[in-house]
1. Report whether or not Ile156 is closer than 30 Å to Gly30 by Cβ, at pLDDT 90 or above and not hydroxyl-bearing (Ser, Thr, Tyr).
2. Please work out which residue is surrounded by the most Cβ atoms within 10 Å (Cβ to Cβ), limiting yourself to the range 107-129 and to residues that are of a type in the set (Gly, Ala, Ser) and farther than 22 Å from Glu18 by Cβ.
3. Does Thr50 qualify as being open to solvent by 50 Å² or more (accessible area, probe 1.4 Å) and among the hydroxyl-bearing types (Ser, Thr, Tyr)?
4. What do you reckon, is Ser81 under 19 Å from Ser24 (Cα atoms), among the small types (Gly, Ala, Ser) and either at pLDDT 95 or above or open to solvent by 50 Å² or more (accessible area, probe 1.4 Å) (or both)?
5. Yes or no: Gln94 open to solvent by less than 50 Å² (accessible area, probe 1.4 Å), touching a strand residue (DSSP E or B) at 6+ places or on another chain (Cβ under 9 Å) and closer than 24 Å to Met148 by Cα?
6. What pairs come out if I take residues in the range 31-59 that are under 14 Å from Ala72 (Cβ atoms) and of a type in the set (Phe, Trp, Tyr) and pair them with residues that are open to solvent by 30 Å² or more (accessible area, probe 1.4 Å) and not in a loop (DSSP other than H, G, I, E, B) whose C-beta lies under 9 Å away, six or more apart or interchain?
7. Among the residues of the range 98-110, count how many are touching a residue at least 60 places away in the same chain (Cβ under 8 Å) and closer than 24 Å to Glu128 by Cα.
Amino acid sequence: LFAQTEKNYLEGAVPVVEGKVTFSTEMNVGSLTKEQIYETLLAWAKKRYTPNEKHNARILYNSQQEGSISIAGDEYSVFTSNALALDRTRIYYQIKMNIQNGKCQIEMTRIRYHYDEARESGVKYVAEEWITDEVSLNKSKTKIYPIMGKFRRKTIDLKDEIFKDIQAVLGNKMIDLGMTAAPVKPENQVIVS
């Protein structure tokens, strides 16, 4: 079971497009209009990405006419937590949504980390130098290096969580409107703009 799970983090799990780590998907929701998708995703974004005293996550830009929503993500990824130690990183990223009738293209990019930020020795990394196949996998691409691996796994898990949240929100909107929710299915693909 561990080997099957680990396979999800190996070669090809972190796509690089034009030199940037870029996760993307297209969700087809043929029954929903551009306006319905936009309103649903904007409400989701306002709820999930509200600035607070610890994080500066926020909506950067939104336009219903253009069918566009851009978000700045800012949150913690916890590697381990127990009574004696807390190992975590702050992860920053951008999400861009391009919305049309019946579909939504979603991209997560500009990923960077601030590790051990509470200490003077805290370090900053960018995804391109830290979690790509070339730097975080061994030569045969069968194992993940331990230090970079924890960042790679948590980033992929975060991407999966966000994409599944969006899928669920759109599926629930379809159900609320009496439509069949089955067409909402994220496709793993790289979309080059």
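1. The answer is yes for Ile156.
2. Here the residue is Gly122.
3. yes
4. No; evaluated as a whole, the condition is false for this residue.
5. Against the criterion (open to solvent by less than 50 Å² (accessible area, probe 1.4 Å), touching a strand residue (DSSP E or B) at 6+ places or on another chain (Cβ under 9 Å) and closer than 24 Å to Met148 by Cα), Gln94 qualifies.
6. Tyr49/Arg58; Tyr49/Ile59
7. Residues that pass the stated criteria total 6.
The values are calculated or read from the model by the stated rules, or taken from the named source; none is laboratory data. In this text the structure is predicted, and so the values were computed from the model without any measurement. No Cβ is skipped: glycine too gets one built from the backbone with ideal geometry, and neighbour counts run over all protein chains shown. Ligands, DNA and RNA are excluded from the accessible area calculation, which covers all protein heavy atoms including side chains. Shrake-Rupley method; radii C 1.70, N 1.55, O 1.52, S 1.80 Å.
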